[in-house]
Structures are given as C-alpha cells and as structure tokens.
Amino acid sequence: MQIAEIEDIARRALIRAGARPQAAMSLARAIAAAERDGIPSHGLAYLPTYCEHLACGKVVGTAEPKLSREMPGIIAVDAGSGFAHPAIDAGFAALVSLARTQGIALPAISNSYNCGVLGYHTERLADEGLLGLGFTNAPASIAASGGRKPVLGTNPWSIAVPDGNGGASIVIDQSASVVAKSEVAKRAREGKPIPPGWTLGPDGEPTTDPNIGLKGTMLPAGGYKGVGSALLVELMAACLTGATIGAKASPFSGTAGGPPRTGQCFIAIAPDGASGGEFKARCSELVSALTEEASAHIPGEGRRAARNKAEREGVVVDPGILEKASVLAGMDEAR
C-alpha cells in the first residue's frame, strides 16, 4: 500500500467513529508514519482500539486542545480528554518559533491519551533544526524496586538530534520496560507466546503467556535503573504537566475506566545557542565514532531504512488488519 492510502483509511475510520476531522487527520498521519517506519504495532493494528475508545468515551472525539501561557518558555496544552496527537500539534505550532527565538521552550500536555510512537513527535522537532526531547507517561504496569504492584507506566522517553539538513541524525525512543507493552498486546492478539524476561504474571512469577503478562507487570529494563527511568518520565510527563499519574490512570486497553488523562512533555532546544555554533560538527564527530565498526548502528537507522524502502516500494500491510481497518472506514460498503 502507499503511505497516503493508509492515512486515508485511518482518517476515514476515525471520523466515522466520532473524531472531529482535524483530530482524525493528526492521528492518521502518525498511524501512516508508524507503518512507513516499520513500527506496525502503532499503525493500522491499533486503529480498532482507537475507534473502540471513541465509542466508549475513553477518548472525547470532539475535544479541542486549549493552550495557555503563564510563563514565557512554557506552553500548557489541555487535551480535554481527547487524542494526544492534535494536542501535541497545537503545542508544536507555537513551540518551534519560540524555541528559535529564546533558545529553549517546553510544551506541557495534560488530560491526554496514548501518543503512539514518541519518536515520531521528537523527530519533527529535529526536522526543524531543534534538539527535541520527549516524555510520555502511561497507566501503571511496572512495580517499584522490590515491589509487585504496578505503580509506574512503561513511560517512554525520546531524543531526536537534528542533522543540520532538515532531518535527524539520531533518534532514540525507548520505554522503561524491557519491551513496549504494545508488543506484548500484539503477541496476545496473534496468539503467540512472548519470550521469557518480558513480564511477570499477577503471582510475581515469569510467564511466556502474553495474556497472563498483561494482567501482571512489565519487567523494567536494567532492573532498578529501568524503574528510575520510568520515574523520571513520570515526573516530567505527569507531575510537571498536571496530568494523571500512572498509578491512577485508567488502562490504554479495554473499555473500562474512562479517559486516562495522562500527559506528555517536550523540550525543544536551539542547539547552536549553547554550543557556539559547534553542535553540528560535534554531532558529526560523534556519529563517525559510533560507526567506526561496520557492525555498529545508530539509533534511528532502522526506521530510516524502513521509511526509505516504504517511500520507494510501498508498505506491506497484514491482510487481516487491512480488512478490519477497511470495515471501520466503511470502505467495504463502497465495494
């Protein structure tokens, strides 16, 4: 499929499910980008969940983001329990010029929802020549060090580095858990086991059954260091923004609990203001050092390779997922 076709199906389905057109377009672009970049877990496979959550009220489809500025460098965005993507877009519209003018700026998004691939958002800042950092909290699925009760989300953080040519040289996007929870959910949908070391069941024991794992806890990457990473994101994306902490947020899966009202926080930095104009040169040195060995790779290379291939050849989409998406979009009725 062509990227534009994927975007069109997603947009139609979201509008049909109750999202206002601008919000649907914002999210549809991100869904298509996930498919393009080889991250199908956040592509069309997630569309039925988005539509289900519009129907049950976990997401308010008619919500319009509200912006406020109480300090020069901070843009507060209330998503109104709507999708995260249009709220982030609303903050980014003012963010880029503000960061370029004063060197650094921060949009704080509250009362939000799952923002999909976090690196999608930070890379947009890198494309504008800004060093972009991002944090997003999630419903609790990781226990504190020494505990068994979920209190922190998988809580991804991301950084995207501008290459000076309108793109990104490095994109890091990682969760605090060994693997993103969406990967466990994907295995559950497919009826496939998960590798040992991804989750613990409700009894605190390791499991390779994704359905049991989803009822238990995700294992943090690096033990207590992963818990520290999740806590950092919780402070930035929930406490700093005024969003709901993961321990009190409703799940991103299922229909129970109402809107999760989690949050996102981004930091955009004009890099030359701090480096005396040496940022691009130093980053080039760093990339050269990282790639001296032929077997070494830079974070973000995989998604760039998938993107280049998709733009040349199109995207391979699972037929079953495409059929579900087409039904949601009402395109089966037109045939």
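The values are calculated or read from the model by the stated rules, or taken from the named source; none is laboratory data. Note that the coordinates shown come from a computational prediction; the quantities given were computed from them, not determined experimentally. All Cβ positions, even for glycine, are placed from backbone atoms using ideal geometry, and neighbour counts span all protein chains on display.
Some notes on this structure:
- Here R11 does not fit the description of being surrounded by 20 or more Cβ atoms within 10 Å (Cβ to Cβ), closer than 16 Å to D173 by Cβ, out of contact with any strand residue (DSSP E or B) (no Cβ under 9 Å at 6 or more places or on another chain) and not assigned by TED's automatic domain parsing to the domain that holds A79.
- Selection of segment 1-18 for residues being small (G, A, S), under 18 Å from V327 (Cβ atoms) and over 19 Å from the mean Cα position of the chain (by Cα) yields A13, A17, G18.
- Taken over segment 67-100, the criterion of being within 29 Å of L328 (Cα to Cα) and not aliphatic (A, V, I, L, M) is satisfied by D78, G80, S81, G82, F83, H85, P86, D89.
- Boolean, S26 is of a type in the set (S, T, Y) and outside the structural domain of I269 (by TED's automatic domain parsing): yes
- In the set (1) under 20 Å from D37 (Cα atoms); (2) at pLDDT below 90; (3) assigned to a loop (DSSP other than H, G, I, E, B), N165 fails one condition alone, (2).
- Enumeration of residues in segment 11-51 that are touching an Asp or Glu at 6+ places or on another chain (Cβ under 9 Å), assigned to a helix (DSSP H, G or I) and under 15 Å from L328 (Cα atoms): A17, A28, I31, L44, A45
- Test: Y120 is in contact with a Phe, Trp or Tyr (Cβ under 8 Å, 6 or more places away or on another chain), modelled with pLDDT of 95 or more and within 25 Å of K186 (Cβ to Cβ): no
- Qualifying residue in segment 79-88 (condition: of a type in the set (F, W, Y) and over 27 Å from V287 (Cβ atoms)): yes
- Looking across S250, S229, S182, one residue alone is within 12 Å of T154 (Cα to Cα) and at pLDDT 95 or above. It is S229.
- Test: residue in segment 287-304 that is among the β-branched types (V, I, T), free of Cβ contacts under 8 Å to residues at least 24 places away in the same chain and over 16 Å from A138 (Cβ atoms): yes
- The residue that is surrounded by the fewest Cβ atoms within 10 Å (Cβ to Cβ), among those in segment 19-29 that are closer than 20 Å to G80 by Cα and under 15 Å from the mean Cα position of the chain (by Cα), is S26.
- In segment 34-51 there is no residue that is within 14 Å of the chain's Cα centre (by Cα), under 30 Å from R312 (Cα atoms), surrounded by 22 or more Cβ atoms within 10 Å (Cβ to Cβ) and of a type in the set (V, I, T).
- Across segment 60-115, the qualifying residues are those that are touching a Gly at 6+ places or on another chain (Cβ under 7 Å) and at positive phi, and the one among them that is surrounded by the most Cβ atoms within 10 Å (Cβ to Cβ) is N111.
- Residue pairs whose Cβ atoms lie under 7 Å apart, sitting 6 or more positions apart in sequence or on different chains, and linking a residue in segment 196-219 that is in contact (Cβ under 8 Å) with a residue 60 or more places away in the chain to a partner that is among the polar types (S, T, N, Q) and not in a strand (DSSP E or B), are T217/S141; M218/S141; M218/T154.
- Condition check for T255: surrounded by 13 or more Cβ atoms within 10 Å (Cβ to Cβ) and farther than 30 Å from A93 by Cα: yes
- Helices (runs of 4 or more DSSP H) lying entirely in segment 171-257 (those with 3 or more residues that are assigned by TED's automatic domain parsing to the domain that holds P139, within 21 Å of the chain's Cα centre (by Cα) and not hydroxyl-bearing (S, T, Y)): 224-234
- Test for L47: is it in contact (Cβ under 8 Å) with a residue 60 or more places away in the chain, in contact with a helix residue (DSSP H, G or I) (Cβ under 8 Å, 6 or more places away or on another chain) and over 27 Å from I321 (Cβ atoms): no
- Of the residues making up segment 284-335, those that are within 21 Å of H42 (Cβ to Cβ) and assigned to a helix (DSSP H, G or I) number 23.
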